[in-house]
Each structure stands twice: as C-alpha cells, then as structure tokens.
Amino acid sequence: MQKGSFSLTTSFRVFYMRLTLVGFSFLHFSLVTGAQTECPLQLNPQRVVVRYGGSVAAKCNTSVPHKGMGWEASEGAVPMTKNQSLITWRVPELTEWDIKPFCYINYKDVDQCPVELPVTVYKTPDSVFISVNHNGPMKEGELYELQCDVHNVAPVQNLTVNWYKGQTLLDQTTFTDTSETPVNETVRLLIRPDRADDGAQYRCEAELDLGAEGPQPHPTISSNPLSITVYFKPIINETKLPSVVHVFRGYPEVLVCEAEGNPKPTISWSLGAYDTVHSTHSEKLNITESTPEDLYCTASNSVGRKTRHVKVSIQDISISFVNHSGPVIVGKQYELQCFIQNVDPSKSVVVRWYKLSQTNSTDTTKTPVSSTSKLHISPDKTDDGAQYWCEAEGTQHYPTMSSEHLSITVHYKPIINEIKLPSTVPVFRGYPEVLVCEAEGNPKPTISWSLGAYDTVHSTHSEKLNITESTPEDLYCTASNSVGRKTRHVKVVLKEDYLPLIAGLIAVIVAFISVIFIFIFSIYYKTAKMGHYSLKDAKPSAQNGNIAQNGKQNPIPMKKLSQSNILRRPVYLFARLNRAFVWSMVPSNTYNMLQCFYGLVYLSAVLAFATLTGTQAECPVQLNPQRVVVRYGGSVAANCSTSVPHKGMGWEASEGGVPMTKNQSLITWRVPELTEWDIKPFCYINYKIGNEDQCKEELPVTVYKTPDSVFISVNHNGPMKEGELYELQCDVHNVAPVQNLTVNWYKGQTLLDQTTFTDTSETPVNKTATLLIRPDRADDGAQYRCEAELDLGAEGPQPHPTISSKPLNVEVYYKPQHSSSTETIIKDDKVMLDCTVKANPASTYTWDHLKEKNSSSVLKSSALSPGNYTCTATNALGRDSKVFIVKSTDRTTFWAIVLTGVAVAVALIASYLIFKFGFSKNSVI
C-alpha cells in the first residue's frame, strides 16, 4: 500500500493498518506542523448497522489531491486507486461479526492516513421463553422469581429485556457484556402477587436498540404469556350481606354470605365468635324473628379467614301470591302483592319490586295507606329458584323497608336428552343392550317405554331399559309429569355376533385335551395293574396309618376337604384329588408332569365354562369411559354404573369425590378444572362376593400439557462445511407426560428421525433431544426443524397435539467439483469454453496456457488456437481443474471429396461426348 513497487498481502495489510492507526495520527500531529489534524476523508454513512447475513455498503470520498485511496476490510476490500475521489465498500452478504473496515488515503508528505467505519452486526433472538421457579398456584403476598431466557442474540450490549404484566411495563434489564457474537442470556424478576393478579399474564420481551442507524422500530421478540393463579384469603361481599338485616314477623329471611377467595372459601355461621350454628359450603342461612340479634358469618380457606357481623332487626312488610300457592307453571300469568303493616295513616308509601337484585321495572307506584301493591309475572323455566321482593319508602318507623325474599319454583314439561337416546340403536345376538332415556323437567318426569304409542312395556322412574334381539323394532320412550309429556321414537337394529361360536370352539378344544389326558392316564393305569410297582419294604403311613407306600418313602398326605375349600380353590382341590387317587399307581417321577397337566386342563375347563355361562370374576361396575385423557386445568367426567343390588357405591378421589349412595345405580365423578397431575380416582361398590364386602375399579387418568415452546439450535456459528459432523439440539419446555412425547426431526417436509422418552414423570419437565447430521452440498439452504408430538392414545385429542420449532436455515460451504475432468471443443465462432461450477463460497477462476491472464469462467473458442487449456476453480475449501481440448475444423477431407466429385463428373462428360461423335461418323443409313 505504500508508495513503491513493494506490495503486501491483504491479511497482513489489515493487521498492519490496525496496528499503526494510532501511530499515523500521532505523526500527523508531531511531524506536520500547521497541517490538518484529521484525515481528509468523509464516510457516508458514518456508522453502519447490518443484520447478520445482510448486505452492506458505505462510500468514502475526498476533496484533496492524492496519490491513492482504497478500502481495507476482511470482506469486500477495494484495491487502491489513484484516479477516483469516491469509492464504495460493499458486501452483499456479511457473515463476519467483528469486521472493522477502514478507508485510507495517500497524500502530501504523510504516507497514509485511515478512517475506520464503525460496523454493528446484529442478530435477533431465536426464541424468548418465560418461566417461574414454582409449580402450582401462588399465594398472595409471597415472593416469586420469574425467569426470561433469550436464545442466540447479538450484540448483547444493545439488548434490553422488558417485563410486562398484561400491557403494563414492569421493569427493564440491560447488559454490559461486550461480546459481538451471539450469546444466550437469562434475566430474573421478583414479583409479589396479590388477588388482582389472579389470572394475570406475564411476559418478557427482547428488544434490540441499535441506535438511529438501526432498524426502526427496534426489533422486538416477545415470549408466550405466562398465566398465573393466585391464592388469596376471603373477602365477604358486604353489599349482599349488610350489617343490618330486617326480618318481618311470620316470614323467614335468607341471608347470603358470599365471599370471594381462592380457593373457594368455606362458609360458617355462628351466634358469637365461637358458637357455631351452621357450617357448610352453602352461602345461605334461614333466619326468623326468633333468631338472635347478633350473627357472625366466617369465610375461610387455606390462606386465611374473614368474619362479618350481622345485626337482625324485626320489620313488618310481607310479600305473597294472590290466590295461588305452590309452584308456578311456565306460560301462565301470576300476581304478587306487597303488604305493609304499621304505616302512618296520614302518609303514602312508594313500593318498588325487585327480582334477583335487579330492578324488574323502573316504574314506581304510590300506594294508599293499608292497600297493597301488586306485580304481574309470567315465569319461564330459567326463573326456577328466582327470588322476588318489594321495598317500601316513607313508612313511619323506617325510611326504607324491604320484604323477605320470595323464592318461586317453576314447573315445566319434560325435555328428553336426544344425545343419550339416539334414534337408532344396534343390538347383537346374545348381548342385551341398556337404553337410557334421560329427561329434564320439573317435577321430575316419569319414564315409560312402549312398543307403540299406546302399548306400554315398562313404566318406572328409572331411565334405563334392557333390550335384546327379541325386542320389537320400534320403541317409544315417553317422559311425563304434571305439566305435560314428551315422546322419543327409537328404532332397534339387530346385528349378528360370533362370540358364542368362538366360545364353543374353545370348549371343543378343552374337551379334546381332556380325552387325550384320559388316554394317557389309562396307559399308566394299565401299567399299574400289570404289577410294575413293588410293595417291598412297604410301611404304614405315619399320617393315616393305613396306606401302603411304594417303596420310595413318599408319603401320601391326606387332608379333610371342606366345602368352602372346594368352592374357593377348585384347581388346588383337583391337584389334591389326583395325589390321593393316582399317585399310589404311577411312578413317582411322573408326579410333577401329571399334576401340572391336570391343573392346566381343569383351569381351561373352568375358564371355558365361565365364558359360556357369562360368569364374571370382576368387580360388577362399569366405567364409561374406561380411560380418561384430560388437559391440565380442563374439565373431566366419568360414569360408574352397576346392574346388581348393592349396599352402597361411590367415587374416591383427591378431587371430585362422590359420597357413598345406596339409592342409585349410576354415579358420576366430575371435576370442572383438574389441577392434580397424579390423580387416581376409583369407583367402589359394597356387595357380597365371597367373604369380601367391597370391590373397586380404578379409572386410569392421563393429565397432559402441551409444551410452552420448542426451540432448535446447532452447536456451531456461521456456515457449515460439507462432510463435517454437526449436532442439532431440540429443547422442549414444560411438557407432560414425557413418556407420551415424541420429537420428530424434519429436513423440509422429510422426516429424518424420531426420539422417544422412557421417563415416567407425570408432572411437566423440560427435555432435550439431539440429532447428528453430516451435510453435503445438496443441503445448502435446507431448513431443519423439530416437532414435539404428544401421542395420548385413542382417548386423547385427534390429531395428536404437535408444536413445531421455527425452521433452522443452514448454509453449507463446499468446494468446486466439475462434472467431468476433460472436454473436447471444436474451434468455432459460437462455441464457448464454460468452466462455470457451483461452489460455496463462489469460485474464482484461473486459466493456464493463455497468453494473458483471465479470471472469467467462460471463453470463446474462436479466440483460441488449437491446444489444451486448463481451468481451475478455487474457493476457501479447495479447488478443481478441468482440461479443455480445442481442435481446429479439418478441411482436407472436405476438399478431397469435392475434387474427386469434380473429376468423376468431367470423366463422365468426356466419355459421353466421345461416344456420341464416334457413332455419328460410322453409322449407315
């Protein structure tokens, strides 16, 4: 770069210029007195911000004469030029993190001065993930730590992590690291949630502030929201439970103690601080004029408790129906009246009507003294349990009085559940089916089944009917109550079943085995009859005193067999009978074989008999469904039914347990929001089976959670090299159960591999899977991704829940490689010598045997003389050469053919002329 003919390599010049940058500045100040202190170069822009892999360009210009100027950089360097005052540094795809380009100029007596262009290379995060150091609900007022993981971001000193609750910014975290290459960062935030935060969503956001030259707005990537559940102690609704409650003589009042809390509070009522009157999950308490003046409502949960004092005041205002008592019927009109006592005769009162704490009418009525105010209502079925009351203003003793709440019961005609009772029901031969006709109505409907509209088969409050192949094709279910009736038509379709045939075949096989056994037994029996057993040294049995032994000193144990043993242990009994009946007649070495064979045959016969007769050895309860798959926090329900009489049945579970009941044959376990990972509910029944009073059937429950995020990464920065080994990593965050997880690896749409897990953990875990790849040139630009799939079986969601990572784009560097090493070219104006070859990074080309150097990949054959020309394509990974053989067009053969043709033509013409003229002279006429 200095003046003269000596030249330096690019890498050495970069090192040299960086080393002497400060030295040149000092020379300007110390040696050139009165000269400029700055280098006379202007950069545009003066600072560059570029995304990794993006294009970048900057201009350098000067207004002073110079002896040469250029750009020095590890990528995109511009050689020194003397004839220009503006030069541009340009890189179409920047892949160097710490590049420091500078423009230099040679002018005056100073050899050179440089100006460096600040370049910031950035990369947005691959993923941002939020988590908390706690499982399950949080408690109000306690301290928790949120964690935000930012993956693969650069430069980290420009990164800011913003913490949000909903849309509210809570905090910001910045970094002082000076690393220029991508890094992973973790930041934390302490929170102390309160009840207002129950259900709140927290998230963290990674923001890159790259200054005015960077992209606007700043690049930001946000995590998925983290929803939290906060447990807090109760707060009693003082609006619904006032401190003073008015009670009218003869009319009981219902107090409602409604408390907000998480978990849901338990309500208890007491006369004083320690005198409990009523403790229940219900919020209501009935009071009358005889109720003590002071009441206390206490709401408590696992976090704390709250007590509300209520004073009871006796009043004189009442509400009632006009000419009606009992339930009301949908579609009819009724009249309510509000009666007021102890009113000042000289004044009127204003009466307002209310329904469920909402004003039923905005009109107010001024009622004369001793008269009543009336209200007309037309209830529907949603009004069942509704409460009406009236309030009076302007009485003598109280500014405002309220009547007791009048709860109404609404009766309506039945509605049959058509989902549980389909219009068509298949029935298999030999297997009865149970139809369930469930109807909603008030009063509870009576169910009746019939062959036709008037032919009743069965009438009962039960909803079930057993049907078989002999049941008529058309059935009718009628639900009726005092208000009306509803009928549902069901068509029975008969289908064949081959299970009895299979059972019969098994019975034939068992019988055949028994025949074989009898045949074998007869052989041994015959052998015994022929005298093959020795009674020498026979001794009386020490056990029974009267049985002879076979000389082998093998006692034959005998035992009295009770009836209960025969019933409870048939296989054991059969083996004992064999020993008593056969063992004195067969050789002792056949003992084990025959005993095992007898037991197996007898057990097969018992099992076949049980199959044919329908005998069940299982607990007589049926679970529907037989297995449950439920998302964490979702609702779940399962029915348990029985067809046998019992002394009680129920559900045992840590959530949603059902107390034992004696009057039902179907009970339902139900949890509206399941938050227990290892729940194991079971249905039990009390009935007599042998000596056992109770049996149970467990319901398998799988609680699952899809991953919060799936992230793919590689143990390498920058482009990969063809043929080398790399490891891809897939991080799956917060998934359960992990034994149902499969990680699928894809390249594009092609499945490469699958990873499964054998862990038996039921709670959410983080999992990492890896995949080794050896990319080739065909993989350049390929997209890899990993996909987390939860296969929860037939009972789980279909299709299987899957969450895929963002694709990972890979760039593969590979050396040049020609398809052939030689090529023959016939010299012609239109023929080219094409040495172009695909490579990454792009190849540079050199030609041997040319008179002048040429870096083009394509040459015209017409400009070359015949001979061999070698082209070499080179990049950072290697080189490859190809030889072009250029030949001239051969004209000798062409002219030889032409001259031969001309000679033959001349000879033919000469022969013809001679022949013609010769015949003309010698002819006779």
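The values are calculated or read from the model by the stated rules, or taken from the named source; none is laboratory data. These numbers come from a predicted model, not from an experiment. Methodologically, a virtual Cβ is constructed for each residue, glycine included, from the backbone with ideal geometry; neighbour enumeration extends over all protein chains shown. Each accessible area value is taken on the protein alone, full model and side chains, heavy atoms only, with ligands, DNA and RNA left out. Shrake-Rupley method; radii C 1.70, N 1.55, O 1.52, S 1.80 Å.
Quick rundown of the values:
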item: Above-threshold pairs, the threshold being 24 Å between Cα atoms, out of K420/K696; K827/K851; K332/K486; K381/K420; K82/K108; result: K420/K696
item: Accessible area (Å², 1.4 Å probe, nearest 10) - F321; result: 40
item: Aspartates and glutamates whose Cα lies under 16 Å from that of K815, excluding same-chain neighbours fewer than 8 positions away; result: E722, E724, D776, D779, D780, D880
item: Reduced Cα scattering model of region 629-762, Debye log10 I(q)/I(0), q = 0.12, 0.14, 0.15, 0.16 Å⁻¹; result: -0.66, -0.78, -0.84, -0.90
item: Principal axis dimensions, region 113-176 - Cα atoms, whole angstrom, descending; result: 66, 21, 20
item: Isotropically averaged projected area of region 798-892, using the convex hull of Cα atoms (one quarter of hull area), nm²; result: 10.7
item: Semi-axis lengths, Å, region 614-676, gyration tensor of Cα atoms, sqrt of 5 times eigenvalues; result: 24, 14, 8
item: Using distinct alpha-carbon pairs, which all enter the 1/r mean, Kirkwood radius of region 723-854 in Å; result: 19.0
item: Principal semi-axes in Å for region 786-841 [√(5λ), Cα gyration tensor, largest first]; result: 54, 14, 10
item: Nearest-10 value in Å² for the accessible area of M660, using the 1.4 Å probe; result: 90
item: Around M660: net Lys/Arg minus Asp/Glu count, Cβ-Cβ under 13 Å; result: +1
item: Protection proxy ranking of 727-734, 72-79 - average other beta-carbon atoms within 10 Å, highest first; result: 727-734, 72-79
item: Calculated SAXS-style log₁₀ I(q)/I(0) at q = 0.14, 0.25, 0.26, 0.28 Å⁻¹ - region 171-228, Debye, Cα scatterers; result: -0.57, -1.22, -1.27, -1.36
